[in-house]
Structures are given as C-alpha cells and as structure tokens.
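Chemist: Have a look at the structure that comes next, please.
The values are calculated or read from the model by the stated rules, or taken from the named source; none is laboratory data. None of the values given here were measured: they were computed from a predicted structure. For neighbour counting, all protein chains shown are included, and Cβ atoms are generated from backbone atoms with ideal geometry for every residue, glycine included.
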C-alpha cells in the first residue's frame, strides 16, 4: 500500500491528504436540512448529513489528491449510525481509488491490538468465512504500550499489504508534556522515532517502509531531526493550516527525493467555504471551495519544496 | 460515578471487575451454532453469539460484582455489527445496575478527544436534540498526547458525573519500553502518575477522585510506588489471572481503607469453563463456571487484603 501511496503522490504531484473530520457545524444548512427532514434530528440524521457532506468533498477533490484521512472520533461521537457513516465514507473513497488512512489512534496490549488490527486493516474469521470490518488501507497507532502493542498491527499489515503511521510527535500544544521529556540526553519522541525506524526496516515497500510515523507540522525543527532519525519512514504530517503549520515549515519533513512525507489538512479543506478567502463560493458550492483550497495547498507545498 | 462504584464495591465486598472481552474461540459451541443458524457465518452471526454469551455471564455474576469492563476492540473487530453488540452489552449491564468501564483507550488532540468523550461518556448535540452514543460510565484514556488530549474527557466527566482511568503503567510485557524510561531520575510512568494525581485533585468524589489510573497487576512493585504517588486516585488493575497477576501481588494497589483499587479479570472469568479447575461445569453451564470463578477471585483478593 505504501507503493500505491507513493505512485499516487507522484501522479497527482500532491503529497497531501484531506482529513475527512466532519463536525456538524461545518456542514452546510441545505445538507443538514435535507438529512433531518428524512431522518429527524437523530443520530441517523447526523450520520446522513456527514455522509452527504463527505461525498460532495470527495467527488470534488478525488482527482487531485492521493489519499484521505477520516478521523474516526468525529463519526464515533454519533454512536453506531456515525460509525456506519465512517464505513460508508471509507468504502466510497476506496471506490474512487483513494488511499484511505484511518485515523483511529488505537493501541493496546498484544491480544487487543490484534483485534483492532484485524478489524481495521485485516479480516476477521467467523467460522469458515472471513470479513473486513472497516477495511482502511493505513491506520494510525499509539505507541505508549511499546512493541507488543504495535507488532500485531505490523503482522496484519505484512499479510494484507497495508500500512501504519505511528504517533511520534503529535501536533497539539501539550504534546511536549511527555513526548519532549529527556531520556539519556534525547527526548522521548526521538526514542519512539528510532523504534519506528527499526520496526520499519524489516517491512519495506520499494522505496519506503510501510511502517510510517506521525509528526506534527507545528513542530518543524523536531520534524527536521526526526527526518534524519527515520530516513526510510514515511511521515504523516498533521497540523497544516487550521492548526498553524505553513508550507515553508514543511520542507524538512521531506527527503531530497521530494518524497517521505504526506501533509494533512482537515478543516482548512473541508470547511474552506467558511473562510473569508473562499466565501465567494457560498455555502451551496462548499465542495468547489474545498477543491480550490486543495489546489492552493498543493501550490503552497510544491512551491516550498521547489524553493528549498 | 466514582461514589457509586465505591458504594457497590462496599456492598459486594468485591473490588473486582469482570472484563467482557469475548473471543469467538471462548464462546460455547451451542451459542455459536444457534447464532450462525439464525444469521449465518456473518459479522451479524458473530455479534449475536458474543451478545448471548455476554448476557449469560452478566446474568450469572451481576449480583456478585460492582462493575464490568467490556474491551471495545473485541467488538470492533467485527465491524458495525460487533459495535452494536458492544452497545447492547453496555446497555444491558447498566440495566443490571452494574458500573460500566468502557475499555476504549482513546486519546487524541483536543477537538478529537472531545468527540470521543462526547460519544462515550457524554451526549452529542444534533440540532435541538442530544444523544448518548455509547453511554459508558467510565472510559480508559491514553495519555501520550498530554493534558490537552485528556482534559476534554475530564470536562465531560465533570458535567455528566462520569469517570476515567488513564493509562499509567500497562500490564503487557513490553510496557517498560517507553513507560519505564528514566526522566530526571524517575520513570515516565511516575511522571504520568503524578499528572493523573494532579488532574484528579480538582475532580474529587467523596473519598476518591473520578480521574483514575490504570496500573498492571503484573508490576506489583511499581504499583506500590504509584499507590503513594496517587493517594486519592482509584486504580484499575488489569492483568490478574490469565496475564499472571495473583491476589498476594495486589495488596499494595489498595490503600489502608481497603479501597483505592479495582482488579480486572477477563479470560479467567469469562472463559473459566475452559480451565481444568472448572471443567466439571461443562460447556453448557459456562456461566455457572464464571460465577464460581468470580467467587474464587473475590476470596483470593479479600484473603490477601485481610492477611496484609
């Protein structure tokens, strides 16, 4: 799957991923009204609104981008109907040949991580049959439990040709509270990064490992160091746009080959129509605003990479 | 909810929680056959088998125990139907007046943690209405992202009178890889424990905080230290039984008042009938075997507490 991701990045010339993290407050009135008219102000109504909203954005951007990253929490908050909208979104994006990164941040003791891995990236056995529960292509994983919480995910990736992005340095303001603490002269995130690089070594695609890392755009200096600690690791970079990351900050997340990173934007793309910059599109044409925001993001990042 | 948990522990004299972590391989043949006859060898069939299996165990043990801890991964692996069985299990346990600890180990950046918190412990707003997506009483949370990944959970707990158990030192063999690393002379898990104690201080029930911690039974010496680092923190202790923890190892997780900890056993209870010790119950009476295993666990722990 890492090979497919790289091929698609080359083809689109866009090392970016659109974060499908819908909040009801982002969803244009006409979509909410229609969904609530059909299902009432219910979890099912919210799920329908999310699904229709996502579909519009995916249809308007899928030819420009290699991948999407739905954040499962935004669906899970609406219970079972929300998770059905998540699954529908994953399936639809796959039907559009997009690489789907499930932002699930799971991680537990071995046997439990194995269940998550099977449910999200693999197939679960039921008697003589087997089924993919959610069927994402990549998943994000939390490393706090160490190797035996991560390895079951790696095993499933190996079997199914899927991939991971393991949290190394997250984009949020308080990520340093534990991740930056110094251990034997180096911050925890470097130790985690080193471990990710090790896990990745035995699990290589053609150019990069399918065991990737998450490093926030909001910490470009740390990204620079982690790029060197993990030379063959693909880095998923959240925090661009709404969280404060800019194109020029991002160049050090990439290798000299122009690869090695994929930058996520969520709100900045999916709720672009709410920004002054794209207000002229209007609420009805929210998806066209998202398309324009994708184009601008590609330009920002390509420009920064060309000027490095 | 921490007050309710403590009241129920006192009433049952059982500081234990039954981990409802069903694997298909644990489920007696007659339950699987019936479910597959009705739904086929499908995700729905697996979910029905899990639900019937859980119901049997809950019916057979609910008068003896204060709480259950369903591990969501074991349901999530079966996709949407699996998660419907999770929800059904949560609802059923609540109808039996059991405290439900959702072992979800979520944790993300602020806005995302807020969505998880709302979905599992709070209510999500849909237009003028609001709904509880999953409605557990407590949830487990991963601290790797620091305060702003945890605080949205705390906010919802405060509003809804719910509670958390935050991972401090996990029970798995490789938990030390990052958690035991030394920072300024003390292991990471102590720093996390100290933080949990701080978060808890402002969020007190009558005797203990509703911001609890997870510390594995498999590390009794560390439990002893963490008990002192977090005097007002309730500790959820996984790893008893199948993972290797024994009653005598557990006394130091408790305070002198005999409170402050709740010990989880999953496989050791729910698949008791598979152990030689309980084999005489037979597969059909699997739930009676679970009841006996609960009684023995209570005796083991009470005995150890009385002999401390």
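Chemist: Just to be sure, is residue A:53 closer than 30 Å to residue B:90 by Cα and touching a helix residue (DSSP H, G or I) at 6+ places or on another chain (Cβ under 7 Å)?
Modeler: When the stated conditions are applied, residue A:53 does not pass them.
Chemist: Okay, next question. Return the only residue of A:40, A:19 being crowded, with 16+ Cβ neighbours inside 10 Å, modelled with pLDDT of 95 or more and either out of contact with any helix residue (DSSP H, G or I) (no Cβ under 9 Å at 6 or more places or on another chain) or more than 10 Å from chain B (Cβ to nearest Cβ) (or both).
Modeler: When all the criteria are applied, what remains is A:19.
Chemist: Oh, and also: Looking at this structure, is residue B:57 under 30 Å from residue B:261 (Cα atoms), part of a helix (DSSP H, G or I) and under 20 Å from the mean Cα position of the chain (by Cα)?
Modeler: When the stated conditions are applied, residue B:57 passes them.
Chemist: Here is a follow-up. If I filter region A:240-263 for residues that are assigned to a helix (DSSP H, G or I), in contact with a strand residue (DSSP E or B) (Cβ under 7 Å, 6 or more places away or on another chain) and on the phi > 0 side of the Ramachandran plot, do I get at least one hit?
Modeler: yes
Chemist: Also, I was wondering about something else. Kindly indicate which of B:149, B:102 is surrounded by 20 or more Cβ atoms within 10 Å (Cβ to Cβ) and facing chain A (nearest Cβ under 7 Å).
Modeler: Only one candidate passes the filter, namely B:149.
Chemist: Exactly one of these conditions fails for residue A:184: (1) touching a residue at least 60 places away in the same chain (Cβ under 8 Å); (2) touching a strand residue (DSSP E or B) at 6+ places or on another chain (Cβ under 9 Å); (3) on the phi > 0 side of the Ramachandran plot. Give me its number.
Modeler: Going through the list (1) touching a residue at least 60 places away in the same chain (Cβ under 8 Å); (2) touching a strand residue (DSSP E or B) at 6+ places or on another chain (Cβ under 9 Å); (3) on the phi > 0 side of the Ramachandran plot, residue A:184 breaks only (1).
Chemist: Also, quick follow-up: Quickly run through region B:114-140 and pick out the residues that are out of contact with any strand residue (DSSP E or B) (no Cβ under 7 Å at 6 or more places or on another chain) and more than 7 Å from every other protein chain (Cβ to nearest Cβ).
Modeler: B:114, B:117, B:122, B:125, B:132, B:135
Chemist: Let me ask you something else. Can you pull out the residues in region B:259-276 that are surrounded by fewer than 17 Cβ atoms within 10 Å (Cβ to Cβ) and within 17 Å of residue B:225 (Cα to Cα)?
Modeler: Within region B:259-276, B:259 is the sole residue that qualifies.
Chemist: With respect to residue B:77, determine if the residue is over 15 Å from residue B:19 (Cβ atoms), surrounded by 24 or more Cβ atoms within 10 Å (Cβ to Cβ) and facing chain A (nearest Cβ under 8 Å).
Modeler: Answer is yes for this residue.
Chemist: Determine which single condition residue A:68 fails, assuming it passes every other condition in (1) crowded, with 24+ Cβ neighbours inside 10 Å; (2) within 11 Å of chain B (Cβ to nearest Cβ).
Modeler: The failed condition is (2).
Chemist: While we're on this one: Could you list all residues from region A:187-224 that are within 14 Å of chain B (Cβ to nearest Cβ), assigned to a strand (DSSP E or B) and free of Cβ contacts under 8 Å to residues at least 60 places away in the same chain?
Modeler: Of everything in region A:187-224, those that are within 14 Å of chain B (Cβ to nearest Cβ), assigned to a strand (DSSP E or B) and free of Cβ contacts under 8 Å to residues at least 60 places away in the same chain turn out to be A:187, A:213, A:215.
Chemist: Quick check on region B:160-186: of everything there that is in a strand (DSSP E or B) and more than 14 Å from residue A:179 (Cα to Cα), which residue is farthest from the other protein chains (Cβ to nearest Cβ)?
Modeler: B:163
Chemist: If you don't mind, there's one more thing I want to ask. Tell me which residues, restricted to region A:241-283, are in contact (Cβ under 8 Å) with a residue 60 or more places away in the chain and closer than 11 Å to residue A:300 by Cβ.
Modeler: Within region A:241-283, A:245, A:263, A:265 qualify.
Table: residues versus (1) without any contact (Cβ under 8 Å) to a residue 12 or more places away in the chain; (2) part of a loop (DSSP other than H, G, I, E, B).
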position	(1), (2)
A:11	no, no
A:17	no, no
A:20	no, yes
A:32	no, no
A:38	yes, no
